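Enquirer: One structure follows; several queries about it will come next.
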Amino acid sequence: MTPEEARDRFAGARVARLATAGTDGRPHIVPIVFALAGDRIYSAVDQKRKRTTALRRLTNIASNPSVSLLVDHYEDDWGKLWWVRADGRARVLDPDRDEESREAIELLHRRYPQQRVAGAVLAVDVERWIGWSAA
């Protein structure tokens with residue numbers, strides 16, 4: 001799969017898994033919704049209830065900005081399986097201070113109308129698109 005095809009398949013997915021690791025090296029993975037702008041992926045910490053406001057993904061990114069995002073497609077016909085991974089560097093944006101974060105929230109709202117208000121916004125500058133397809 002070419003990087004362009006991988007990016008196109010990623011763009012068509014509705015949910016991704018964000019993998020981060022902190023200074024302790026322990027992996028942490030969570031599902032996210034996202035919007036894509038070129039080779040930049042945006043996601044926001046939404047207002048759904050959380051166990052804590054000190055989210056591990058944000059702490060991990062602050063100490064180790066290297067992240068991976070994964071989307072995949074599964075069917076019982078294994079000839080139709082595929083996955084795409086985006087590897088890159090993440091930044092945490094403040095929606096009260098960063099114009100980029102306001103633009104990201106607008107992109108997210110267009111893709112997911114329920115995404116209206118957000119806390120921190122994640123921006124991932126993709127350095128590598130990689131994927132696999134059974135077909």
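The values are calculated or read from the model by the stated rules, or taken from the named source; none is laboratory data. Since the model is a prediction, treat every value here as computed from it, not as a measurement. Positions of Cβ are backbone-derived with ideal geometry, glycine not excepted, and every protein chain shown enters the neighbour counts. These area figures cover heavy atoms from the full protein model, side chains too; ligands, DNA and RNA do not enter into them. Shrake-Rupley method; radii C 1.70, N 1.55, O 1.52, S 1.80 Å.
Enquirer: Once you order the gyration tensor axes a ≥ b ≥ c over the Cα atoms, which shape class does the stretch 5-45 get: rounded for a/c under 1.5, otherwise prolate or oblate by comparing a/b with b/c? Could you put the intermediate results ahead of the total?
Expert: On the way: a/c = 2.24, a/b = 2.04, b/c = 1.10.
Prolate shape, in that a/c is at least 1.5 and a/b is the bigger ratio.
Enquirer: Could you work out the relative contact order of the chain, using alpha carbon pairs under 8 angstrom and six or more residues apart, expressed as a whole percent? It would help to have the intermediate numbers written out before the result.
Expert: Details: 270 pairs, mean separation 43.4, N = 135.
That works out to 32 percent.
Enquirer: By the scheme Lys and Arg +1, Asp and Glu -1, what is the net charge of all other residues having a beta-carbon under 15 Å from that of ALA11? All intermediate terms of the calculation are to be shown ahead of the outcome.
Expert: Numbers: positive: ARG7, ARG9, ARG14, ARG40, ARG85, ARG110, ARG111; negative: GLU4, GLU5, ASP8, ASP39, ASP72.
Every neighbour counted, the sum reads +2.
Enquirer: Output the 0 to 90 degree angle, nearest 10, between the alpha-carbon long axis of helix 3-12 and the longest principal axis computed from the alpha carbons of the chain.
Expert: Compared with the principal axis, the helix lies near 60 degrees.
Enquirer: Sort the following peptides by mean Cβ neighbour count (other Cβ atoms within 10 Å, averaged over residues), highest first: 108-116, 60-68. Don't skip to the answer; put the middle values down first.
Expert: Working: 108-116: 13.8, 60-68: 17.6.
Averaged packing, sorted descending, gives the order 60-68, 108-116.
Enquirer: Moving on. Roughly speaking, to the nearest percent, how much of the chain's 1.4 Å accessible area is carbon and sulfur? Please report the intermediate quantities before stating the final value.
Expert: Details: 4090 of 8000 Å².
Carbon with sulfur: 51 percent of the solvent-accessible area.
Enquirer: When the Karplus curve 6.51 cos²θ - 1.76 cosθ + 1.60 is applied with θ = phi - 60°, which whole-Hz ³J(HN,Hα) does each residue of the stretch 120-128 get, with x for Gly and Pro?
Expert: 4, 10, 9, 10, 10, 8, 6, 9, 8
Enquirer: For the chain, give the magnitude of the charge dipole about the Cα centre (Cβ charges: +1 Lys/Arg, -1 Asp/Glu; no others), in debye to the nearest 20. Working shown, then result.
Expert: On the way: 22 positive and 20 negative charges, 127 e Å.
Rounded to the nearest 20 debye, it is 600 debye.
Enquirer: Residue-wise, which Karplus ³J(HN,Hα) couplings in Hz belong to the stretch 16-30, taking 6.51 cos²θ - 1.76 cosθ + 1.60, θ = phi - 60°, and x for glycine or proline?
Expert: Taking θ as phi minus 60°, the curve returns 10, 10, 9, 10, 10, 8, x, 5, 7, x, 6, x, 9, 9, 9 Hz for the stretch 16-30.
Enquirer: Could you tell me which GluC sites (Glu not before Pro) in the stretch 51-135 are loop residues by DSSP with no more than 16 other beta carbons within 10 angstrom of their beta carbon?
Expert: Working: sites: GLU75, GLU99, GLU100, GLU103, GLU106, GLU127; in loops: GLU75.
Qualifying residues, ordered by number: GLU75.
Enquirer: Can you compute the helix-only [θ] at 222 nm over the chain? Use -39500 (n - 2.57) per DSSP H run of at least 4 residues, normalise by all residues, nearest 500 deg cm²/dmol. Spell out each step's value before the answer.
Expert: Details: 3 runs with 31 residues, N = 135.
About -7000 deg cm²/dmol.
Enquirer: Which entry in (i) 25, 17, 14; (ii) 29, 18, 15; (iii) 42, 18, 10 matches semi-axes √(5λ) of the Cα gyration tensor in Å derived from the coordinates of this structure?
Expert: (i)
Enquirer: I would also like to ask the following. Multiply the residue separation of ASP125 and VAL30 by 0.36 nm, subtract the distance between their alpha-carbon atoms, and state the gained length in nm to one decimal. Mind showing how you got there, number by number?
Expert: Values: separation 95, 0.36 × 95 = 34.20 nm, distance 1.83 nm.
Fully extending the segment from ASP125 to VAL30 adds 32.4 nm.
Enquirer: Give the accessible surface of the chain per residue, rounded to a whole number of Å², with probe radius 1.4 Å and ligands, DNA and RNA excluded.
Expert: Working: 8000 Å² over 135 residues.
Counting only protein heavy atoms, the per-residue value for the chain is 59 Å².
Enquirer: Residue by residue, what Karplus-based ³J(HN,Hα) values in Hz, rounded to whole numbers, does the stretch 60-66 have, using 6.51, -1.76 and 1.60 with θ = phi - 60° and x for Gly and Pro?
Expert: 4, 5, 4, 9, 8, x, 6
Enquirer: So, one more: Can you tell me the orientation of helix 99-111 relative to the chain, as the angle in degrees between its alpha-carbon axis and the longest Cα principal axis, to the nearest 10?
Expert: Roughly 50 degrees, rounded to the nearest 10.
Enquirer: List the relative contact order of the stretch 59-117 as a percent without decimals, with contacts defined as Cα pairs under 8 Å and 6+ residues apart. Could the numbers behind the result be given before it?
Expert: Numbers: 54 pairs, mean separation 15.2, N = 59.
Here the relative contact order equals 26 percent.
Enquirer: Round to a whole angstrom and tell me the spacing of the C-alpha centers of the stretch 70-135 and the stretch 1-46.
Expert: Using only Cα atoms, the two centres lie 4 Å from each other.
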